[in-house]
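The values are calculated or read from the model by the stated rules, or taken from the named source; none is laboratory data. These numbers were taken from a predicted model, which means no experiment stands behind them. Cβ atoms come from the backbone with ideal geometry, glycine included; neighbour counts cover every protein chain shown.
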Amino acid sequence: MEHLSAGARDTFYFAARLALARKHATGPRILVLDEPFATLDRERERRMVGLLRDFQKEADWQIVLLTKEPELKEMMAEQCSATTVELGCSSAADG
């Protein structure tokens, strides 16, 4: 694993966690992801969304995505039946 880039390691670990979740899930099948791709570039992010889409179709899980990225929110909404929550806070100047 030492020869893999940080992004490749993140991709590998994400796929491994999905496999473990699929294997060990016994209760409600809900996957909550809090900024899961924050360290990835856009290409790897797209690949991970593809993995999630395939995972969801195969395993019939519900996905809840917490993100600050509007582009990721849109991508997940288009490709997966995901509930997306856009994180953010307003300042006193906002109203």
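Residues in the range 83-90: is at least one part of a helix (DSSP H, G or I) and modelled with pLDDT under 80? Working first, answer last.
At the first step, the residues of the range 83-90 found to be part of a helix (DSSP H, G or I) are none.
No - not one qualifying residue is present in the range 83-90.
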Next on the checklist: Give me the residue from the range 5-47 that is part of a helix (DSSP H, G or I) and under 16 Å from Cys80 (Cα atoms) and, out of that set, nearest to the chain's Cα centre (by Cα).
Outcome noted: Glu45
Checklist entry - Quick check: anything in the range 54-64 more than 14 Å from Ser81 (Cβ to Cβ) and under 15 Å from the mean Cα position of the chain (by Cα)? => result no
Checklist entry - In the range 2-51, which residues are touching a Phe, Trp or Tyr at 6+ places or on another chain (Cβ under 8 Å), at pLDDT below 80 and exposed (fewer than 13 other Cβ atoms within 10 Å of the Cβ)? => result Leu4
